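The values are calculated or read from the model by the stated rules, or taken from the named source; none is laboratory data. A quick note: this is a predicted structure, and the numbers were derived from the prediction, not measured. Glycine also receives a Cβ, built like all others from the backbone with ideal geometry; neighbour counts cover every protein chain displayed. Just the protein is used for accessible areas: all its heavy atoms, side chains included, with ligands, DNA and RNA removed. Shrake-Rupley method; radii C 1.70, N 1.55, O 1.52, S 1.80 Å.
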Amino acid sequence: MSFFSHKHMVKHLSKSNLKVRAFAFALTALFNLTFLTTSAFAQDGGMSAAALEGEKLFKANCTSCHDMQNKMTGPALKEVHTRRSDEWLVKWIRNNEKLRASGDKDAIAIFNEYNKVVMNNFESLTEDQVKNVIAYFKEWKAPAPKPGTVAEAEPKANFYSESTLYILLFLIVILLVVLLVLRRTKNSLKNSYNEMTGTTEEVAEVNPKAAAFRKWVNPTIMKLGIGVVVLLALASYGFYFGVTEVAVQQGYAPEQPIKYSHKLHAGDLQIDCKYCHSTAEYSKQASVPSLNTCMNCHKGVQLRDKYNGEVSPEIKKIYAAMDYDVESGKYGEHPKPIRWIRIHNLPDHAFFNHSMHVKGAGLTCQTCHGPIQEMEVVQQYATLQMGWCINCHKERKIDVENNPYYEKLHAKIKAEKDNKNSVYSKYFTKDGKISISPAENGALECSKCHY
Ligand code: HEC
Ligand code: HEC
Ligand code: HEC
Ligand code: HEC
Ligand code: HEC
Ligand code: HEC
């Protein structure tokens, strides 16, 4: 969308002056650029397909104990491919127990170094899958800190943001500048015309102020001026309405009963979201973890160094809630659950299913929840308005080819590939690929989202 087309603008500006034309062209280009930049978003750094696959496997299976850069339950793995051969790694990862039993010195040494903590065997992973994980180790690079950005944020989800306001203000300033420049150009054109023809326009006028005003009010400039005013009014109204009436819950970030930090756990320690929100992949709800999950680590991680030998006061809250006695290491009989304050909450009449979006559509959590791994305190990132759901359903594509859920649909569409009269012909792109959005597959029907 651009408010003025190039042609339209030039017609109104001047029929003869090249300078003005060039200026107008530059301006329209600038307008279009501003709109384009608002919808541009970052791309993933280049990793091979194997390494990307490996990254997924690593995040799903290993990050509860390993981090690439930091020692956790297991060693940091960023340079492991330089100290071990590929063959050794495959054997270790698939069955470290067997490798140790075979008398492998390195395997026994590292096991002892880590106090004989047993790493799981991963025979469920094929050799090729393990090789992909190794490819990921090799191609892994320390992430450059990019404050406030995520690889796959939903730019349009956040229309009612500060940046929208800045862009609107920026456009208004530009329009005002155009107005000014046009006025000057018009005057100087008129001057040179007068010089050439030797005309002087100094006709006696009863009221010189009125004359000056009339000269100023050129129809083109007047139209532009009105345009600016209308735009300004509409923009501020729209923005005000968007902020105050619609997105009431966006940015909601209540203080929680334990100062649990996603930045620390999901960011610095790189614990996989699904380690704690394990149901997100296969059920409607993404569920907040029970304190048992925390205890997997916090039985041991007490941060006594940081608190003069005492257990961290925040971790004590976990123990208190679990009725866990640190000294004896025993659980009492009176646990009382922590009441986390719920942040995201759709009204009862709306239906949302995580598994459908996480597993079915393959969306990352960050697409909808923003850069959670950078948040000390979780806040609601998207509006969660109906328009937000609908927009995405119109823009995204369903991967009908590789999703078993859409096998039948895919077969039906594919069978009609060469039939130009088929209802399915609109789903083919020019180069013969299938492209279908959730919207085209019925995801705009009221009953899909409303009980
Ligand atoms: C339950 C915790 C746990 C999980 C899950 C885990 N590891 Fe480990 N890993 C360890 C521990 C602990 C060690 C150190 C050796 C030992 O004590 O057995 C280790 C050692 C390793 C080593 C050897 C490091 C070296 O310096 O030689 C590699 C490689 C490794 N793990 C890869 C993986 C991969 C890949 C996965 C996921 C598929 C994974 N681990 C999952 C705990 C775990
Ligand atoms: C170590 C466990 C753990 C990990 C890992 C974790 N979370 Fe959480 N998450 C929690 C806990 C506990 C809460 C509730 C307290 C809070 O809101 O901070 C929570 C709350 C949330 C909420 C808000 C829930 C609500 O009330 O609406 C979202 C969204 C969320 N997590 C997303 C994520 C994402 C995305 C990741 C991965 C980047 C992630 N979490 C990783 C434990 C975890
Ligand atoms: C996979 C291991 C792991 C899990 C699971 C885990 N944590 Fe942690 N957590 C850590 C580590 C490691 C630290 C300490 C980081 C450091 O060195 O400062 C930590 C630090 C903390 C701190 C900061 C304490 C302080 O005083 O600085 C709090 C609070 C905390 N965790 C709460 C939780 C809660 C609540 C859960 C469960 C929802 C949880 N953690 C689950 C590993 C874990
Ligand atoms: C397509 C958008 C979308 C994606 C992708 C998504 N969520 Fe959500 N999430 C939502 C919405 C909408 C809600 C509010 C649901 C409700 O109130 O019924 C929510 C709520 C939550 C909650 C609060 C508990 C609940 O289930 O209501 C947690 C925790 C959460 N999400 C975590 C995650 C994690 C972790 C991932 C990635 C594995 C993820 N979400 C992916 C949209 C999404
Ligand atoms: C970031 C994009 C995105 C957002 C935001 C989003 N969805 Fe979806 N949704 C999808 C995709 C993609 C699919 C297709 C899923 C698949 O491939 O199986 C889908 C499918 C669905 C379906 C199934 C439709 C069918 O035909 O069976 C429902 C219901 C749904 N979404 C509800 C919601 C609701 C409610 C919200 C808002 C609270 C929402 N979605 C927000 C991307 C999104
Ligand atoms: C993709 C999912 C989706 C579809 C399709 C959808 N809605 Fe909604 N609708 C929602 C969500 C989510 C909300 C809750 C938004 C909120 O909290 O304000 C909502 C809210 C509403 C509301 C209440 C408005 C309010 O401000 O609370 C009405 C009325 C409504 N929808 C009607 C419809 C009708 C009629 C259709 C069919 C033409 C439809 N919806 C289709 C997701 C959807």
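Scanning the range 351-367 for residues that are in contact with a Leu (Cβ under 9 Å, 6 or more places away or on another chain) and in contact (Cβ under 8 Å) with a residue 60 or more places away in the chain turns up just one, Phe352.
So that you can scan it fast, the table gives a plain yes or no per residue for (1) closer than 30 Å to Gln270 by Cβ; (2) away from ligand 2 (no atom under 16 Å from the Cβ); (3) more than 14 Å from the chain's Cα centre (by Cα):
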{"site": "Ala350", "(1), (2), (3)": "no, no, yes"}
{"site": "Ala361", "(1), (2), (3)": "yes, no, yes"}
{"site": "Thr364", "(1), (2), (3)": "yes, no, no"}
{"site": "Ser425", "(1), (2), (3)": "no, yes, yes"}
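Considering the range 48-77, and only residues there that are in a loop (DSSP other than H, G, I, E, B), buried (at least 17 other Cβ atoms within 10 Å of the Cβ) and at pLDDT 85 or above, the residue that is farthest from ligand 5 (Cβ to nearest atom) turns out to be Pro75.
Yes or no: Lys19 of a type outside the set (Asp, Glu) and either assigned to a loop (DSSP other than H, G, I, E, B) or modelled with pLDDT of 50 or more (or both)? So Lys19 fails the test. Looking only at residues of the range 337-377 that are under 30 Å from Ala320 (Cβ atoms) and β-branched (Val, Ile, Thr), we find that the one that is nearest to ligand 1 (Cβ to nearest atom) is Ile372.
Just for the range 98-119: of the residues that are part of a loop (DSSP other than H, G, I, E, B) and touching a residue at least 24 places away in the same chain (Cβ under 8 Å), which one is surrounded by the most Cβ atoms within 10 Å (Cβ to Cβ)? The selected residue is Met119.
Of the residues making up the range 302-319, just one is among the aromatic types (Phe, Trp, Tyr) and more than 16 Å from ligand 2 (Cβ to nearest atom), namely Tyr307.
Against the conditions (1) under 26 Å from the mean Cα position of the chain (by Cα); (2) more than 16 Å from ligand 6 (Cβ to nearest atom), Leu409 satisfies every one except (1). Among residues of the range 267-280 being farther than 11 Å from Asp67 by Cα and among the hydrophobic types (A, V, I, L, M, F, W, C), the one that is nearest to the chain's Cα centre (by Cα) is Cys273.
Could you go through the range 167-187 and let me know if any residue there is surrounded by 12 or more Cβ atoms within 10 Å (Cβ to Cβ), of a type in the set (Ser, Thr, Tyr) and either part of a helix (DSSP H, G or I) or at pLDDT 75 or above (or both). Yes. Within the range 275-299, residues that are over 13 Å from His357 (Cβ atoms) sit with their Cβ atoms under 9 Å from residues that are of a type in the set (Phe, Trp, Tyr) and assigned to a loop (DSSP other than H, G, I, E, B), at 6+ positions apart or across chains, in these pairs: Val288/Trp340; Cys294/Tyr260. Quick check on Tyr193: is it over 30 Å from Cys297 (Cβ atoms), more than 16 Å from ligand 5 (Cβ to nearest atom), at pLDDT below 85 and more than 23 Å from the chain's Cα centre (by Cα)? Against the criterion (over 30 Å from Cys297 (Cβ atoms), more than 16 Å from ligand 5 (Cβ to nearest atom), at pLDDT below 85 and more than 23 Å from the chain's Cα centre (by Cα)), Tyr193 qualifies. Can you find a residue that is within 30 Å of Lys316 (Cα to Cα), within 16 Å of ligand 3 (Cβ to nearest atom) and touching a residue at least 40 places away in the same chain (Cβ under 8 Å) anywhere in the range 379-396? Within the range 379-396, none of the residues are within 30 Å of Lys316 (Cα to Cα), within 16 Å of ligand 3 (Cβ to nearest atom) and touching a residue at least 40 places away in the same chain (Cβ under 8 Å).
I'd like the full set of residues that are open to solvent by 40 Å² or more (accessible area, probe 1.4 Å) and either near ligand 3 (Cβ under 6 Å from one of its atoms) or within 31 Å of the chain's Cα centre (by Cα) (or both), limited to the range 287-305. Across the range 287-305, the qualifying residues are Ser287, Val288, Ser290, Asn292, Asn296, Cys297, Val301, Leu303.
Is it the case that the range 33-46 has a residue that's open to solvent by 50 Å² or more (accessible area, probe 1.4 Å), modelled with pLDDT of 50 or more and part of a loop (DSSP other than H, G, I, E, B)? Checked the range 33-46: at least one residue is open to solvent by 50 Å² or more (accessible area, probe 1.4 Å), modelled with pLDDT of 50 or more and part of a loop (DSSP other than H, G, I, E, B). Once the range 331-363 is narrowed to residues that are more than 20 Å from Ser278 (Cβ to Cβ) and of a type in the set (A, V, I, L, M), the residue that is least open to solvent (accessible area, probe 1.4 Å) is Ala350.
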